[in-house]
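The values are calculated or read from the model by the stated rules, or taken from the named source; none is laboratory data. Every value quoted in this text rests on a predicted model; they were computed, and no experiment measured them. Neighbour counts are summed over all protein chains in view; Cβ atoms, including those assigned to glycine, are modelled from backbone coordinates with ideal geometry.
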Ligand code: NAI
């Protein structure tokens, strides 16, 4: 079997070659992202393997279908970049629902600690033999209230870590977990009571700009916002205004609304066109990482192994446990005796 592998980065290749070779799958690695102009690269392949910033809209799906592509294998959990409904009856879509919730939750905590204890500033200072402490005052996490939006795999690991720090945890989820002792509150209570807010819900029409102008007006002064989920959960312009007005004390962003052409790339030799991102990065209380939260050895191996298993399961049995359903968007909801809602 041959798979066109789009948006390849050097760290993808070893694990996908290893697991692919074991199951007789040849990955053709392309650095370019998948879009309407590059879809033809998949000619002669059985499927495509894509990541978060590949474009899999109706036009691309039509072209892939014409080329005989049978399966789109997402090597990530989120699938907001794929028009799943449009794939129905044409191409099957599988994803990797979980690869390391620890990787993402631990990165969120790493960003939080770096930000509030000014480690990013101290690191640069001591490199320059500047041992002054002025401006580096932080605050204790112990006793602070953290508001967690989305209590799925990653949100729950994040909550456990926060409890270890002695923080008070409140949470909001559209579908609260029944098997937990999580203290669920309303979204407004999260906004009003939290010293720190961490986003762990998926990007949907409902959650787009969940942190927008209206929400920001309700926030506790000095709140720290962490986003390791999807950029468009936050209205970046509103965030910038919230930081300028001093309502938001700090922001830790691993994802950004308009990240597609910037994140994962070295654009250091170019003029930054995105004024909002440039201004955010210039702020001393904003920390940006480049969609890096997933990037651990464990996660990379799990991603490759699950993707290869999804593909072989699909070609062997005609279905995969991790196939996405266009109706409910979740494989988990579709197990009611059938593999999908449709
Ligand atoms: P999950 O599916 O286990 O949990 C998501 C939770 O969000 C569920 O409990 C769900 O009920 C809840 N939710 C759904 N709609 C909601 C709404 N309208 N309001 C509040 N909560 C809502 O997903 P998981 O594995 O915990 O991942 C969370 C997100 O993290 C993913 O959607 C993905 O976008 C992001 N992610 C980011 C990575 C990175 O490298 N930065 C890597 C992996 C995932």
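Scan (1) within 27 Å of residue 92 (Cβ to Cβ); (2) assigned to a loop (DSSP other than H, G, I, E, B) for the single condition residue 293 breaks and write down its number.
For residue 293, the failing item is (1).
In the stretch 95-117, which residues are out of contact with any helix residue (DSSP H, G or I) (no Cβ under 9 Å at 6 or more places or on another chain) and farther than 13 Å from residue 158 by Cβ?
115, 116, 117
Taking into account only those residues within the stretch 242-259 that are surrounded by 17 or more Cβ atoms within 10 Å (Cβ to Cβ) and under 21 Å from residue 81 (Cα atoms), which is modelled with the lowest pLDDT?
Ranking the candidates gives 259 first.
For the stretch 45-58, check the following and say yes or no: at least one residue is in a helix (DSSP H, G or I) and under 24 Å from the mean Cα position of the chain (by Cα). Give the derivation first.
First, the residues of the stretch 45-58 that are in a helix (DSSP H, G or I): 58.
After this cut, where a residue has to be under 24 Å from the mean Cα position of the chain (by Cα) as well, the list is 58.
So far as the stretch 45-58 goes, yes, one or more of its residues are in a helix (DSSP H, G or I) and under 24 Å from the mean Cα position of the chain (by Cα).
Using the structure shown, decide if residue 177 is crowded, with 18+ Cβ neighbours inside 10 Å and assigned by TED's automatic domain parsing to the domain that holds residue 228.
Details: crowded, with 18+ Cβ neighbours inside 10 Å: no; assigned by TED's automatic domain parsing to the domain that holds residue 228: yes.
Answer is no for this residue.
Can you pull out the residues in the stretch 62-76 that are in contact with a helix residue (DSSP H, G or I) (Cβ under 7 Å, 6 or more places away or on another chain), part of a helix (DSSP H, G or I) and surrounded by fewer than 23 Cβ atoms within 10 Å (Cβ to Cβ)?
Listed by number, the list holds a single entry, 63.
Please specify each residue of the stretch 184-208 satisfying the condition of being more than 14 Å from residue 147 (Cα to Cα) and in contact with a helix residue (DSSP H, G or I) (Cβ under 7 Å, 6 or more places away or on another chain).
203, 207, 208, listed by residue number.
All but one of (1) surrounded by fewer than 18 Cβ atoms within 10 Å (Cβ to Cβ); (2) at pLDDT 95 or above; (3) within 11 Å of the ligand (Cβ to nearest atom) hold for residue 125; which doesn't?
(3)
Out of (1) closer than 30 Å to residue 158 by Cβ; (2) crowded, with 17+ Cβ neighbours inside 10 Å; (3) in contact with a helix residue (DSSP H, G or I) (Cβ under 8 Å, 6 or more places away or on another chain), what's the single condition that is false for residue 92?
(1)
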